[in-house]
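The values are calculated or read from the model by the stated rules, or taken from the named source; none is laboratory data. The structure presented is a predicted model; accordingly, all values stated were derived computationally and were not measured. Every residue, glycine among them, receives a Cβ derived from its backbone with ideal geometry; neighbour counts consider all protein chains shown. What goes into the accessible areas is simple: the full protein's heavy atoms, side chains included, and nothing from ligands, DNA or RNA. Shrake-Rupley method; radii C 1.70, N 1.55, O 1.52, S 1.80 Å.
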Amino acid sequence: QVQLIESGGRLVQAGGSLRLSCAASGRPFNSYAMGWFRQAPGKEREFVAYITWRYGITYYADSVKGRFTISRDNAKNTAYLQMNSLKPEDTAVYYCAAAKYERATIQESDYDSWGQGTQVTVDS
(Lines give C-alpha, C1' and ligand atoms only; values in the text may rest on other atoms or scores of the structure.)
Protein backbone atom coordinates (compact mmCIF):
# COMPACT_ATOMS: atom_id res chain seq x y z
CA GLN A 1 0.00 0.00 0.00
CA VAL A 2 1.09 3.57 -0.68
CA GLN A 3 0.30 6.64 1.39
CA LEU A 4 -0.25 9.79 -0.68
CA ILE A 5 -0.51 13.39 0.42
CA GLU A 6 -1.47 16.10 -2.06
CA SER A 7 -0.77 19.79 -1.64
CA GLY A 8 -0.81 23.00 -3.62
CA GLY A 9 -4.49 23.53 -4.27
CA ARG A 10 -5.93 27.03 -3.78
CA LEU A 11 -8.03 29.76 -5.34
CA VAL A 12 -6.56 31.15 -8.55
CA GLN A 13 -7.75 33.53 -11.26
CA ALA A 14 -8.59 32.25 -14.72
CA GLY A 15 -5.48 32.16 -16.88
CA GLY A 16 -3.26 31.56 -13.86
CA SER A 17 -1.05 28.63 -12.93
CA LEU A 18 -0.73 26.18 -10.07
CA ARG A 19 1.54 23.27 -9.27
CA LEU A 20 0.14 20.40 -7.28
CA SER A 21 2.43 18.03 -5.43
CA CYS A 22 1.85 14.47 -4.28
CA ALA A 23 4.23 12.99 -1.73
CA ALA A 24 4.32 9.19 -1.59
CA SER A 25 5.50 6.78 1.07
CA GLY A 26 5.28 3.04 1.61
CA ARG A 27 5.81 0.88 -1.46
CA PRO A 28 9.00 1.82 -3.37
CA PHE A 29 8.22 4.82 -5.59
CA ASN A 30 10.16 3.40 -8.50
CA SER A 31 7.77 0.51 -8.97
CA TYR A 32 4.46 2.04 -10.04
CA ALA A 33 2.93 4.65 -12.29
CA MET A 34 1.25 7.74 -10.88
CA GLY A 35 -1.94 9.40 -11.95
CA TRP A 36 -3.99 12.51 -11.29
CA PHE A 37 -7.77 12.55 -11.28
CA ARG A 38 -10.28 15.27 -10.44
CA GLN A 39 -13.87 15.57 -9.31
CA ALA A 40 -15.91 18.67 -9.95
CA PRO A 41 -19.04 19.46 -7.91
CA GLY A 42 -21.94 17.27 -8.98
CA LYS A 43 -19.79 15.24 -11.38
CA GLU A 44 -18.04 11.90 -11.33
CA ARG A 45 -14.32 11.69 -10.81
CA GLU A 46 -12.43 11.84 -14.08
CA PHE A 47 -8.94 11.02 -15.31
CA VAL A 48 -6.52 13.93 -15.83
CA ALA A 49 -3.04 12.50 -16.49
CA TYR A 50 -0.64 9.67 -15.76
CA ILE A 51 3.10 9.07 -15.87
CA THR A 52 4.95 5.75 -15.86
CA TRP A 53 7.93 5.35 -13.60
CA ARG A 54 10.57 3.78 -15.81
CA TYR A 55 10.52 5.97 -18.92
CA GLY A 56 8.29 8.80 -17.75
CA ILE A 57 5.72 8.16 -20.45
CA THR A 58 2.83 10.56 -20.03
CA TYR A 59 -0.77 10.66 -21.17
CA TYR A 60 -3.39 13.37 -20.76
CA ALA A 61 -7.11 13.84 -20.97
CA ASP A 62 -8.05 15.90 -24.00
CA SER A 63 -9.49 18.61 -21.76
CA VAL A 64 -6.08 19.39 -20.24
CA LYS A 65 -3.68 18.47 -23.04
CA GLY A 66 -1.30 21.32 -23.82
CA ARG A 67 -2.08 23.10 -20.53
CA PHE A 68 -1.17 20.57 -17.82
CA THR A 69 2.10 18.72 -17.34
CA ILE A 70 2.58 15.69 -15.11
CA SER A 71 6.03 14.86 -13.81
CA ARG A 72 7.72 12.88 -11.09
CA ASP A 73 10.90 13.08 -9.06
CA ASN A 74 11.76 9.53 -8.11
CA ALA A 75 14.51 10.71 -5.76
CA LYS A 76 11.96 12.72 -3.77
CA ASN A 77 9.10 10.22 -4.03
CA THR A 78 6.93 13.02 -5.35
CA ALA A 79 4.69 13.51 -8.36
CA TYR A 80 3.61 16.89 -9.69
CA LEU A 81 0.89 18.38 -11.81
CA GLN A 82 1.77 21.73 -13.35
CA MET A 83 -1.43 23.46 -14.44
CA ASN A 84 -1.25 26.49 -16.74
CA SER A 85 -3.89 28.59 -18.47
CA LEU A 86 -6.43 27.52 -15.88
CA LYS A 87 -10.11 27.78 -16.69
CA PRO A 88 -13.16 27.92 -14.40
CA GLU A 89 -14.07 24.43 -15.62
CA ASP A 90 -10.84 23.14 -14.06
CA THR A 91 -12.37 23.79 -10.64
CA ALA A 92 -12.40 20.46 -8.79
CA VAL A 93 -10.88 18.40 -6.05
CA TYR A 94 -7.70 16.91 -7.47
CA TYR A 95 -6.54 13.46 -6.37
CA CYS A 96 -3.26 11.73 -6.97
CA ALA A 97 -3.24 7.96 -7.22
CA ALA A 98 -0.67 5.18 -7.29
CA ALA A 99 -1.14 2.50 -9.91
CA LYS A 100 -0.99 -1.18 -9.11
CA TYR A 101 1.80 -1.66 -11.62
CA GLU A 102 4.54 0.23 -13.42
CA ARG A 103 2.23 0.68 -16.39
CA ALA A 104 -0.78 2.97 -16.17
CA THR A 105 -4.18 3.50 -17.71
CA ILE A 106 -7.01 5.99 -17.40
CA GLN A 107 -9.14 3.52 -15.44
CA GLU A 108 -9.59 4.16 -11.72
CA SER A 109 -9.64 0.41 -11.12
CA ASP A 110 -5.94 0.24 -12.09
CA TYR A 111 -5.03 2.44 -9.11
CA ASP A 112 -5.05 1.07 -5.59
CA SER A 113 -3.91 4.00 -3.45
CA TRP A 114 -5.44 7.48 -3.35
CA GLY A 115 -4.67 10.74 -1.64
CA GLN A 116 -7.19 12.78 0.29
CA GLY A 117 -7.53 15.38 -2.45
CA THR A 118 -6.69 19.06 -2.75
CA GLN A 119 -9.18 21.75 -3.80
CA VAL A 120 -8.47 23.84 -6.87
CA THR A 121 -10.83 26.72 -7.52
CA VAL A 122 -10.49 28.84 -10.65
CA ASP A 123 -12.29 32.16 -10.43
CA SER A 124 -13.46 33.84 -13.61
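Select from the range 71-118 the residues that are part of a strand (DSSP E or B), in contact with a Phe, Trp or Tyr (Cβ under 8 Å, 6 or more places away or on another chain) and not hydroxyl-bearing (Ser, Thr, Tyr) and list them in ascending order.
Across the range 71-118, the qualifying residues are Arg72, Asp73, Ala79, Leu81, Gln82, Met83, Cys96, Ala97, Ala98, Ala99, Trp114.
Which of the following residues is closer than 21 Å to Gln107 by Cα and within 11 Å of the chain's Cα centre (by Cα): Tyr50, Tyr59?
Within the list Tyr50, Tyr59, the selection yields Tyr50.
Name the residue, out of Arg67, Arg38, that is at pLDDT 95 or above, of a type in the set (Lys, Arg) and within 10 Å of the chain's Cα centre (by Cα).
Arg38
Within the range 42-54, is there a residue that is in contact (Cβ under 8 Å) with a residue 60 or more places away in the chain, touching a Phe, Trp or Tyr at 6+ places or on another chain (Cβ under 9 Å) and not in a strand (DSSP E or B)?
yes
Going by the conditions given, is Arg54 surrounded by 14 or more Cβ atoms within 10 Å (Cβ to Cβ) and basic (Lys, Arg)?
Spelling it out, it is not the case that Arg54 is surrounded by 14 or more Cβ atoms within 10 Å (Cβ to Cβ) and basic (Lys, Arg).
Filter the range 58-75 for residues that are touching a residue at least 24 places away in the same chain (Cβ under 8 Å), closer than 13 Å to Met34 by Cβ and surrounded by fewer than 21 Cβ atoms within 10 Å (Cβ to Cβ) and give the result.
Tyr59, Asn74
If Ser25 meets every condition in (1) within 14 Å of the chain's Cα centre (by Cα); (2) part of a strand (DSSP E or B) apart from one, which number is that one?
For Ser25, the exception is condition (1).
Go through the residues of the range 112-120 one by one and say whether even a single one is touching a Pro at 6+ places or on another chain (Cβ under 9 Å), farther than 19 Å from Met34 by Cβ and of a type outside the set (Lys, Arg).
No, the range 112-120 contains no residue that is touching a Pro at 6+ places or on another chain (Cβ under 9 Å), farther than 19 Å from Met34 by Cβ and of a type outside the set (Lys, Arg).
State the number of residues belonging to the range 1-40 that are out of contact with any strand residue (DSSP E or B) (no Cβ under 8 Å at 6 or more places or on another chain) and more than 19 Å from Ala104 (Cα to Cα).
1
Step by step: first the residues of the range 84-107, then only those that are open to solvent by less than 10 Å² (accessible area, probe 1.4 Å) and touching a residue at least 60 places away in the same chain (Cβ under 8 Å), then the one that is nearest to the chain's Cα centre (by Cα). Which residue is that?
Applying the filter and picking the extreme gives Cys96.
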